[in-house]
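The values are calculated or read from the model by the stated rules, or taken from the named source; none is laboratory data. Quick caveat, the model's predicted, so the values are computed rather than measured. Cβ placement follows ideal geometry from the backbone for every residue including glycine, while neighbour counts extend to all protein chains displayed.
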Amino acid sequence: MTLSILSVQLLTGLAYGMLYFMIAAGLTIILGVMNIVNLAHGTFFLTGAYVAFSLLSNQVSFWIALPISVAVMAIVGIVIEKLFIRRVYGKELEQVLLTFGLAFIIADAAEWIWGTEIQTLAVPSLLDTSISFGTLVFPVYRLFVVLVGCALAALLWYFETRTRIGAVIRAGVDDRAMVSALGINVGLVFTGVFAFGAGLAGLSGVLGGPLLGMYTGLDSEILVTSLIVVVVGGLGSWRGSFIGAILIGLIETLGKIWFPSLSMLIVFLIMVVVLIIRPQGLFGRGVTS
Amino acid sequence: MTRQIQMLLLLVIIVICAPWIMTQYGLTLATEIMIMAIFAMSLGLIMGYAGMVSLGHAAFFGIGAYTVALLGPLLHNVFLLVLCAILLSSLIALLSGMVFIRTSHFYFLMITLAFGQLLFALFWQLKSWTGGADGMKVSVSMDLGFGDIFSPLGLYYVMAVAFLFIYVLLRLFVQSPAGRIIKGVMENESRMIALGYPIRSYKLLAYTISGGIAGFAGALYAYYNLFVSPDLSNWMFSGQVMIMVIIGGVGTLLGPAIGAGLFIILQNFISSYTERWSMIMGILLVALVLAGKGGIAHWFAYIGSMVRRMRMKKDTRTKPKEEEVSD
């Protein structure tokens, strides 16, 4: 493999990694604060992409469709949290089962509305070019996804360390009962966190649409990959997800080139190795029980 | 114990007599139910008796089915072939369990899910062996030593015997000292650690047995369906089996089998009217969870205890001095 192909593939891997980070960040925040493995997360991702697809088909610009899709998914998140998850607070298995049932329902509804054909989102015309450095040609859209991922990481860092909301959420991960005893409305925090996670899934769905396309079954692929990212990175730690996602994105992309039939196995083996060496994940603070 | 023997006798009678009142289609369906009941009981064992919630149990089902599919042309002895499937799936359950059981329940759920998808991807991607997404035909014959069994009725009885066998086996395991220790670990892990039990070994034992039985169900499925595809290891299939267990009742042995029966009957019935079975299944799960009343086996137990309580109330009323009756 020549250097030029390798560097382009590295960028692709990085772009996928950033996409996985955006998805896993939502998953890991929900897991950390609310103690829910949101099995509908991949479905949120796919639905977000489909919503943008419908808007784009109606001549709405990509830059308007993006925030609308995010908002739609955040609202879906609020509704689900208030209508369903709130009823089984504190029952961990029931919460997971609920998200599982909702994943079935939403995925089937999406199939009903948008069909089973493979669709793809058009790359916005502004970014539909490539930059060349000598012989190296980089698609701009992938660079853009990497930038958005980095910006999101910076924003999360700022919120987590410098704002009151971030402090509440950090405290919520550590000791939920104490946060509630301090007079903070935990119900509101939970709704907010779930909506935020769903919105992030929607965002990554729209950004991932041009890279991955949309098809039945993508939701579970995305869910599994982001679960692996969360396990590798560590529970409730978005920093861990950031590193884990880049790692998984790069290894998966390169693995697909060198061992096309074993790419999934390689990603899985990385997870197993991490689990054996550090059961709490690379950046986790300990396994909760 | 006598109640359990009565229960078993009832089960045997139902299983033997069932074909007399069924159509040809019903018989095929009942055969499938027997296989899925074995699979659901294997998941029910680790979910209800060891507290391990797996969303990747179809991995072992797939291993069992593909073992029969791939080794079928080489090994003609049914017993040997099925034994291979059981041993291989138990071995993989043992090895994977050694890593998975180190983690707590959420991690366990996520990791088993990823493991199931890994096998799904392998069956999908190793196209030269498994035929990839198209699946592969299984060329085997159910010859148990007295001729090839290919009639639906014969196949039904083979699967029914397998189901009863697994039921008795699991009943004995659950009541054995090891089974009781495993249940103790689920109910109070720290106490069992304090009592000096090597809890990981016991959990691993349950997981390995469960994986082996799931592999057995997969092997039987290959004989029944004569066709295998990667979907047998997909997490959606794992999820369906989990729904069977929940419909039937977590923490009971026969509950998952009842759940499997109801699930497959519903699936066939509803699918003939609408394509939206998957949505209805989701609604069913959400409703069951929100109702919070457990599964069918729990309802029976609840009704049973209600009847008993009413009888007791009647007894106390006849006595001159009324006493508080508590359950």
Single residue of A:211, A:227, A:262 found to be in a helix (DSSP H, G or I), without any contact (Cβ under 8 Å) to a residue 60 or more places away in the chain and either within 24 Å of residue B:235 (Cα to Cα) or more than 10 Å from chain B (Cβ to nearest Cβ) (or both): A:262
Could you tell me how many of the residues in segment B:63-111 are in a helix (DSSP H, G or I), within 14 Å of chain A (Cβ to nearest Cβ) and farther than 23 Å from residue B:133 by Cβ? 13
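Given the criteria out of contact with any helix residue (DSSP H, G or I) (no Cβ under 9 Å at 6 or more places or on another chain) and modelled with pLDDT of 90 or more, does residue A:151 qualify?
On the way: out of contact with any helix residue (DSSP H, G or I) (no Cβ under 9 Å at 6 or more places or on another chain): yes; modelled with pLDDT of 90 or more: yes.
Criteria met by residue A:151.
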Against the definition (farther than 28 Å from residue A:64 by Cα and modelled with pLDDT under 90), how does residue A:247 come out, yes or no? no
For the list (1) out of contact with any helix residue (DSSP H, G or I) (no Cβ under 7 Å at 6 or more places or on another chain); (2) over 30 Å from residue A:123 (Cβ atoms), I need the number of the one condition that residue A:168 fails. (1)
On the basis of being farther than 20 Å from residue A:37 by Cβ, in a loop (DSSP other than H, G, I, E, B) and more than 12 Å from the chain's Cα centre (by Cα), does residue A:253 make the cut? no
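Let's see how each residue does on (1) aliphatic (A, V, I, L, M); (2) farther than 16 Å from residue B:277 by Cβ; (3) part of a helix (DSSP H, G or I):
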| position | (1), (2), (3) |
| --- | --- |
| A:95 | no, yes, yes |
| A:101 | no, no, yes |
| A:105 | yes, no, yes |
| A:110 | yes, no, yes |
| A:123 | yes, yes, no |
| A:126 | yes, yes, yes |
| A:132 | no, yes, no |
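Which fully enclosed helices (runs of 4 or more DSSP H) of segment B:222-324 have 1 or more residues being over 22 Å from residue B:49 (Cα atoms), of a type in the set (Asp, Glu) and away from every other protein chain (no Cβ under 14 Å)?
Numbers: elements: B:235-248, B:255-271, B:277-291, B:296-318.
Of the helices (runs of 4 or more DSSP H) lying wholly inside segment B:222-324, those with at least 1 residues that are over 22 Å from residue B:49 (Cα atoms), of a type in the set (Asp, Glu) and away from every other protein chain (no Cβ under 14 Å) span B:296-318.
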Odd one out for residue A:216 among (1) farther than 18 Å from residue A:38 by Cα; (2) within 19 Å of the chain's Cα centre (by Cα); (3) in a helix (DSSP H, G or I): (3)
Consider residue B:203 against the criteria (1) closer than 17 Å to residue B:44 by Cα; (2) within 14 Å of another protein chain (Cβ to nearest Cβ); (3) free of Cβ contacts under 8 Å to residues at least 60 places away in the same chain; (4) not aliphatic (A, V, I, L, M): it satisfies all of them except one. Which criterion is unmet? (3)
Within the bounds of segment A:153-162, is there any residue that is free of Cβ contacts under 8 Å to residues at least 12 places away in the same chain and of a type in the set (Lys, Arg)? yes
Go through segment A:47-89 residue by residue and tally those that are hydrophobic (A, V, I, L, M, F, W, C), within 14 Å of chain B (Cβ to nearest Cβ) and either in contact (Cβ under 8 Å) with a residue 24 or more places away in the chain or loosely packed, with under 15 Cβ neighbours inside 10 Å (or both). 4
